[in-house]
Structures are given as C-alpha cells and as structure tokens.
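Only the coordinates and a few stated rules stand behind these numbers; no lab work does. No experiment lies behind these values; they were computed from the predicted model shown. Neighbour counts are summed over all protein chains in view; Cβ atoms, including those assigned to glycine, are modelled from backbone coordinates with ideal geometry.
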Amino acid sequence: MPQTLYEKLWNSHVVRDFANGDALIYIDRHLVHEVSSPQAFRSLGDAGRRVRRPAKHLAVADHAVSTRHRGDTFDDPLASQQVATLVENCRIFDIPYRALDSKDQGIVHIIGPESGFTLPGTTIVCGDSHTTTHGAFGALAFGIGASECGTVMATQCLKQYRARTMKVKLTGVLPPHISAKDVALALIAKIGANGAAGHAVEYCGPAIETMSMSARMTICNMTIEAGARIGLIAPDDVTFAWLEHRPMAPKGAMWDGAVTYWRTLKSDPGARFDKVVTLDLSQIAPQVSWGTSPEDCAAITSAVPDPEKLTDPGARARMGKALAYMGLQPGTNLTDIGIDRVFIGSCTNGRIEDLRAAARVIGGRKVAPGVKAIVVPGSTATKAVAEAEGLDRIFQDAGFEWRHAGCSMCVAMNDDRLLPGERCASTSNRNFEGRQGPGGRTHLMSPAMAAAAGIAGHLVDVRTFGDDG
Amino acid sequence: MTPFVRLAGYAAVLAEDNIDTDIIFPARFLLITTREVLGTHAFHDRRFDSGGAEVTGFMLNQEPWRGAVILIAGANFGCGSSREQAVWALADRGLRCIIAPSFGEIFQTNCFRNGLLPIVMPGAVIAELIEHANRAESFVVDLENQILCVGDGPPIAFSTGAEQRLALLNGWDETALIMNDYQDSIADFELVQQRCQPWLYE
Ligand code: SF4
C-alpha cells in the first residue's frame, strides 16, 4: 500500500506497537535547553536514573540568555542560575553542551540544522513546541513537555499516538517581496490556529521544491501555530546540498549510504491523506497580524476587521477582546498602525537569509524617530556570517541594535521585552497576549516587512516601500 | 503521579477560544526551575492587574470558584508552547480536570503526565455545562466509568484514550513502565537500526 512520508518515518521508529495506533517510538535526537530541562534532569536524578545514550542529546542555552552581553554576565540572577543549572546537569549526565561563548551557540532550532545534528529520517524531540522546524529536513520532529524529556533521556523512547495526515499543497509562484513567513501566516489565517490539530502536515507541490532550506524551515516552524505538532517536507537535492559537510552530518561512504536511504523518504504516489488543503502562492500579499492569535492575520492592504460583522457571538467576543488588547479600532488601515519597536530574529526568522532580506530593504535609510529596533541573529554562527557580509554595519548605520544570538524578544524571558502598551513589528511566531512582555502588542510579519515598518514608523507594504519611502 | 479516579467539586469557566500557554503561565515565570508552588502564577496576567491587585471579574478569583477543581474552557485550550509549567500551575491551584471542545496537543499530553484529565466535549454540551457551572452546581467526574454528573442531571459520557486512562487511574510513571517492560525491545531496535543507519551511531 502506498505510504505517506509520515507513515514511513513512524513505521521505521516503532519499538513496540500497541493497539489503536499507540506505539512506543524510538527517539534518535533530543535537543535540550535551559528552560524545559531542569525539572526533567531532576526527575532523572531523583529516581537514580542515567541518560541512556548521552551522544543522542545536544544542549544549549538560548531562551533566557542575555543578548546584550556574552559570558557569565546576566541581567537576571534567575536566568544565570538557570543556565548554570543546565551546565551542571550536562556535566553530571554527560550530555554535550554548547557553551554560551562558543561559536556554536544559538537557538536550538537553528543550531540543530546548522550542526547537522538534524538529519532526514530521524525522530527529533525538544521541550519546545517549535521543534516542528526540523521537519523541513524530512525528520519526524515534535515538541514535548518536560516529563517527556525525562522519559527520552532515560529510555530514548516515547509512547505516542499516530497522527492523522494532512497534505498542504503549495502551487503557483511566490511574487516578489513575498516570503515563506507570508505563506505560513496566510495558511494559518485560512485554516485557523486549530486547523491542523491532530495532524502531521506534509508540505508539497512545485513551490516547495524550489524553496530554500531557510524558507522550508520557516514554514515548518510555523506549523505548530496551525495546531499541528508535526510539519514535514520530503528531503531532496536542496536538502542534501545544504547538509553535506555540516560538522555532524555523515561523511564519505557513510554520506552516500545515508543519501541513498534519504531519497526513499517521500510520500508514495497515491498515498492517502486524511485532509488536503491547497494554497496558491501567486495570490499571497504581505501578511501582518492584527490580533492575539496567529490566525488573526490579513494582507497589509486591508483594514482592521470589524467584530460587529461576525455572526457567531463567540467569535465576535473573541475578536472584540483581541482588538481591545491590541488597542485597535475596526476599519483602521493596517498601514496606518504606528509602531514603537521592531524585533528581527527568532527560530522562525533568525537565519542569514532572513537578515539579508531585512538588510536589503533598508537601502541607506534610518529607523524612524522614536522607534527602537533590534536585530538578534538566531545563532552565533549566523551572526558571524552576517558580520562577514557587512550586514551588521547596514543595520547599525540605520539605527538598529545588533545583538548576540538567542530567543530574545520572541519570548521575553530576558530583558528584551515590550513595555505595557508598546507595539512591535516582529518576525517571531506568536502574538499571544503578553508574549513579548506584559501588555505588549505584537504584529507578526516577515523580516522585510518588519525592517520596512521600522523605517516608516508604521506598518507598511514592502512591495511599494521603495517607491514612497 | 497522583492517580485520577474520581473528582468532585465546582467548575470555573473560561469560555474563550485559543487560550494559550502564555496566558496560562506567562513566560517570565519560566525562570523558576522548580515544578512546585507555581499556582500563584497560573493565569497571572488575567488574575492580577498591573498593580498586582486581583481582578474581581476573573472567575477563579471569585467564591466558590476560587477552589474549583474543574475548568471549562473554549476550543484549542493550551495551544502554544510546550511548557509543562502550564499544567503544573493549574494542578497546584487544585484544578484536576479541564473540559474543552479541543486542546493544544502538547498541553493535552502534559496533562496526562501529571494526573490531570482533559475531557473533549462538543460545544453544545459545553454551553450547557457552563450554565450549571455559573450556578455553582457541583460536578462529579468518574474516570473509571467515564461519566460526568452535574447536579441532579443525567450522567454525560466521555471517552479517553485507553492507554492514557489506565495511566491516570493507576498513577503510572511512564518512564518506569518503559524501563521495566521494554528494555529488551529497545536494545533490539537499536541493534537493527545501527545496522541499517550506521551514521546515527557514529
Ligand atoms: S525563538 Fe521563540 S519560538 Fe523559537 S525556540 Fe526561542 S522562544 Fe521558542
């Protein structure tokens, strides 16, 4: 029977099949960070357990770290204690740790692929919902809770239930200035923040085949915002070219053998999906969010929607509440929304391609008066490449702050956060209430759109930005 | 894990869709590295105003729902991040059962790992339950028989995954279970995988 990519990945990792689609699944890779791991390590220590295969784990500090300084200087003693706890746990349990001041540090979902730790055909978990990112390599990757992290450390396995499958077919050609982020936001607006719940999503179609790995990672990263724990793209020559020579990727004959296997990792012709959605990329305009859920997105050319036009009372109430939180009036043109802050970074849009796209928009102009803008590379390696290309100068000359790598204002666990009422053009993935700081207001968008908003001082259509400044 | 067999008490209501884990447990409290006494931070920015005073309109701040053991919620409850602190914080407040039309998947799994029962019910049933909850009627959840009773009304059936129900009823620790029952299967799997995909074992 023809199989989907998800089914192939699932079947190749079943240690024990239970009834009703439940199975014990083998986990090949576990990414560990400082926030979701302390309780998992403690449960291990309390029960006198050890890590079954330490080499299958990779730890780094990213969420709580300062992006102003490196080394042991922290703005918050709790954050420094959290990182120290990670270092100590990695020492006790023998897990490889990427030091904060090393060139290999960065956001888990950026350094996994960069290192070649992320490989096609593997199962990858992390105590972080955006583990969906690694699905861009044809890996079965999903976020788990801290208790499950403890189980993976002790057993290298997890009990899982088989997901339903959903195919997202991307057709048409991406218009100029439209990025993978716009595709992801448009899809979530179309199917809802709950639209892919319970499903493993596979992205396919001619548009995917021509996309870079960076774009594929952005799309898979955002899959969790449509409610699915798993987003997948079949590995192909683009994937292999990107991975070859990465430090932890197989070498020589081992590489050839791996590629031969990886080429089998695609959905068979005629494989059946439980759900199919099609999105025509040629119809997508730059997207921005206006509310407090990633599904609250619209084309930049439109206006803030009016709750009174909704018939469902629940939906009307939710929209009213979201607009009240965001401080927005129905009917306001999205391009008339002024901003206070810009954040370019995160595991969604903190890669070198994202920084290049943002820098390209600047064109010698300056950040608008009163706007505070920061650029936070997704990894220290990305930062080094950007500096070699002179992107740091472009940003700094325009008035952007150039920071060290980390999650930063995506999650606001360090001192990078919005003040109550502040409005931010952000390349991150979540516009939840308080996500970027209590009372902060987030507008999600692509790196080019965020950079343009920073210069204009308000949301702006990047397609015409060059013309009217 | 604390077993979950039967639960009785009040149900509070938070009937909004897409209540995410940042609302349930704001990220800034994730710097705390313990899993105990997190209940004070549950729904922090909804329960307290910016000056730190309780928001009286929030149901979990009102009697008798302050001590509610059940939360009735909107669709996609617990969407967003994987932070298990969201579940630990709810449990620490005494909430042991969440009833919603749908859940964020990672949140739902985290519930089962911590003795909390997430029940999926259709919106129409939930609308009725909300009325009962608002009248401060008492709820009884019986996982053994998979029924929910409210006031003097007829029992309402619900269903839970077989493995998850057993784990909850018995308070099983999944790690211990896997280590006891499947060590050999895991070792066998690794042997075969090492032969087929040696690059994963370098
Ligand atoms: S950048 Fe944001 S979404 Fe990504 S891992 Fe960090 S906190 Fe999570």
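Odds and ends about this structure:
- Footprinting exposure proxy for A:Asp46, B:Asp20, A:Asp104, A:Asp94 (fewest neighbouring C-beta atoms within 10 Å first): A:Asp46, A:Asp94, A:Asp104, B:Asp20
- Under 17 Å from A:Lys275, Cα to Cα: lysines that are on another chain or at least 8 residues apart: A:Lys167, A:Lys169, A:Lys190
- Net charge dipole size for chain B [Lys, Arg +1 and Asp, Glu -1 on Cβ; Debye, nearest 20]: 380 debye
- Between amide H atoms placed 1.01 Å from N, distances below 5 Å from B:Glu84 occur with A:Ala146, all of them 5 or more places distant or on a separate chain.
- Look at the dipole of the protein assembly as shown built from charges on Cβ: of B:Ile130, A:Pro96, A:Ala64, the Cα furthest out on the positive end belongs to A:Pro96.
- Per-residue mean of foreign Cβ neighbours for A:397-404 is 0 (Cβ atoms of other chains, 10 Å radius).
- Helix-only mean residue ellipticity at 222 nm for the protein assembly as shown, each DSSP H run of n ≥ 4 adding -39500 (n - 2.57), per residue, nearest 500: -9500 deg cm²/dmol
- Exposure proxy order (Cβ contacts within 10 Å, fewest to most) of A:Phe273, B:Phe4: A:Phe273, B:Phe4
- Rounded, prolate or oblate (a/c below 1.5 giving rounded, otherwise prolate when a/b exceeds b/c) for the range B:99-164 by Cα gyration tensor: prolate
- Charge dipole of the protein assembly as shown (Cα centre as origin; +1 on each Lys and Arg Cβ, -1 on each Asp and Glu Cβ, all else neutral): 600 debye, rounded to the nearest 20.
- Counting DSSP beta bridges with both ends in the protein assembly as shown, the antiparallel % (nearest 5): 30 percent
- Overall form of the protein assembly as shown per C-alpha gyration tensor (a/c, 1.5; a/b vs b/c): rounded
- More than 24 angstrom apart: percent of Cα pairs within the range A:102-256: 33 percent
- Per-residue Cβ neighbour rank within 10 angstrom, fewest leading, A:Asp461, A:Asp75: A:Asp75, A:Asp461
- Mean Kyte hydropathy of 0.0 or more with a Cα span along the axis of at least 18 Å, helices from DSSP in chain A: A:77-93
- Residue pairs, from the table A:Lys56/A:Lys251; A:Lys181/A:Lys383; A:Lys159/A:Lys251, whose Cα atoms sit over 25 Å apart: A:Lys159/A:Lys251
- Prolate/oblate/rounded call for the range A:26-68, Cα gyration tensor, a/c under 1.5 rounded: oblate
- Amide H contacts of A:Gly440: A:Gly421, A:Gly434, each under 5 Å away and 5 or more positions distant or on a separate chain (H built 1.01 Å from N in the peptide plane; Pro and chain starts excluded).
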